[in-house]
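This report concerns only the one structure given below.
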Amino acid sequence: MATSVFWPYTILMVILLWLLLTIIKHTMTTWPRVLRVIDFMVLPLWWSIESITFQVTHFSLLGPMVCMFLIWGIALTIYQVFGVQTFNLKRFVTIWWRLIGAVTVVVFVAVVIINALHLI
């Protein structure tokens, strides 16, 4: 498991990485318009969520989250094929990754708040 770093430090690392990427994005003139900082932050957020949940509860929340994201990918594929009647791989990956990113941020904030309340 990804528990070699004490979980409050993982929160700090994720925040610092997010700030660093945001600064790099604003200072670079050649940053691609379609890329957002959240697109790069999904994997570090997953690492932090894994570290926090496993160290605090000895249960990993990441496995069920990944299964949920895979099911959402299948549902999005079915919607694009049968609902919209066209499947565009670039659009699918963009929508799916942005959805994963948004939900990951919400879960990360919820996990941090819940664990911060337990420390009080």
Among P64, P44, P32: highest mean-square fluctuation, GNM of the chain, C-alpha pairs under 10 Å: P32
The chain: C-alpha gyration tensor shape, a/c 1.5 cut-off, then a/b vs b/c: oblate
Positive minus negative residues near H26 (Lys, Arg vs Asp, Glu; Cβ under 14 Å): +3
Stokes-Einstein diffusion coefficient of segment 70-120, Kirkwood radius over Cα pairs, 37 °C, 0.692 mPa s, in µm²/s: 259 µm²/s
Length-normalised contact order of the chain in % [C-alpha pairs under 8 Å, at least 6 apart]: 31 percent
Residue order, fewest to most beta carbons within 10 Å, for V66, V37: V66, V37
Angle in degrees between helix 7-27 and the longest Cα principal axis of the chain, rounded to the nearest 10: 50 degrees
Gained length - S60 relative to F87, 0.36 nm times residue gap less alpha-carbon distance: 6.4 nm
Theoretical ellipticity at 222 nm over the chain - DSSP helices of four or more residues, -39500 (n - 2.57) apiece, nearest 500: -26000 deg cm²/dmol
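Readers should treat all values here as calculations from the given coordinates under stated rules, not as data from a laboratory. Just so we're clear, the structure is a prediction, and the values are computed from it rather than from any experiment. Counting neighbours? That spans all protein chains shown, and the Cβs are built from the backbone with ideal geometry, glycine included.
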